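First the structure, in the form of structure tokens, and then the observations on it.
The values are calculated or read from the model by the stated rules, or taken from the named source; none is laboratory data. As the structure is a prediction and not an experimental result, all values here were calculated from the model. Quick reminder, even Gly has a Cβ in these numbers, built from the backbone with ideal geometry, and neighbours come from all protein chains shown.
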Amino acid sequence: MSAVLYFFADTSRWFVDWKGTMYAHQKPADLNLFLRSMPLRVVDGSRWAGSTGAGGYVVAADAKDTGYRADFFRASGELHESETIAIDASVLVDAEWQFGAYPDGWIESEAALAIAGAETIQLGLYLPSVAGLGSKPMTLRIGGTPVYDIALPRGDGIVTPVFELDPLRRAELTLTTTAEPSNPADMRELGVLVFEVKANGALCRTSIARQ
């Protein structure tokens, strides 16, 4: 599959890059399917030199039992091309982002992941750059046990080691980071957190949180 999902962090807009053309998703349910199956890239729209989907191209997803068909439409509404994209239903990934602000000024962002049916798990993490802010310390826990401490650099991504899981048991993972901004209501210090979940070597879920 050659489609890549782009998130423009400065405007919170999403586009699918298909063969060099940017397509806007038709409805929220389509985006949920794309987040389960497409590599995710985060960009700053103010620095983006390519197309931003202003041409009115749209991609829609037609869900099937084993995945979906992506239909790519021209601005005129004419169907240009379609591709069938499979989703591995044997690996189930539930992802939820939680945020907390505390009276003492600390804030916390946590990605809660539940994975079933996977023998191994690997995360790809990305944190866009913010002027004047450095890397963010994060902790990955599996079943409540800390397994990996990360100093995630801004403007760059890292890939965690591969961790073994019991495919017959539901694994609970959390990725937590905290910040102490000068203004507790200002969450920008955490910026944008992105993860791509690879189970048994195959991409099975991407997700994102933006403050």
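One residue stands out in the range 13-41 among those that are among the polar types (S, T, N, Q) and touching a strand residue (DSSP E or B) at 6+ places or on another chain (Cβ under 6 Å): the one that is surrounded by the fewest Cβ atoms within 10 Å (Cβ to Cβ), namely Gln26.
Looking only at residues in the range 62-76 that are surrounded by 15 or more Cβ atoms within 10 Å (Cβ to Cβ) and free of Cβ contacts under 8 Å to residues at least 60 places away in the same chain, the one that is farthest from Tyr23 (Cα to Cα) is Gly67. Look at the range 18-34: where a residue is in the same structural domain as Phe8 (by TED's automatic domain parsing) and a partner is part of a helix (DSSP H, G or I), sitting 6+ places away or on another chain with Cβ atoms under 8 Å, you get His25/Leu31; His25/Phe34. Residues that are touching a Leu at 6+ places or on another chain (Cβ under 6 Å), over 20 Å from Gly155 (Cβ atoms) and not in a loop (DSSP other than H, G, I, E, B) within the range 112-128 comprise Leu113, Ala116, Ile121, listed in sequence order. It is to be established whether one or more residues within the range 97-116 are hydrophobic (A, V, I, L, M, F, W, C), at pLDDT below 80 and surrounded by fewer than 12 Cβ atoms within 10 Å (Cβ to Cβ). No, every residue in the range 97-116 fails to be hydrophobic (A, V, I, L, M, F, W, C), at pLDDT below 80 and surrounded by fewer than 12 Cβ atoms within 10 Å (Cβ to Cβ).
Of all residues in the range 168-189, those being closer than 22 Å to Gly144 by Cβ and either modelled with pLDDT under 80 or in contact with a strand residue (DSSP E or B) (Cβ under 8 Å, 6 or more places away or on another chain) (or both) number 10.
Restrict the check to the range 50-66 and report whether at least one residue is at pLDDT 85 or above, of a type in the set (S, T, N, Q) and more than 18 Å from Thr206 (Cα to Cα). No, the conditions are met nowhere in the range 50-66. One residue stands out in the range 138-168 among those that are of a type in the set (Gly, Ala, Ser) and in a strand (DSSP E or B): the one that is nearest to the chain's Cα centre (by Cα), namely Gly157.
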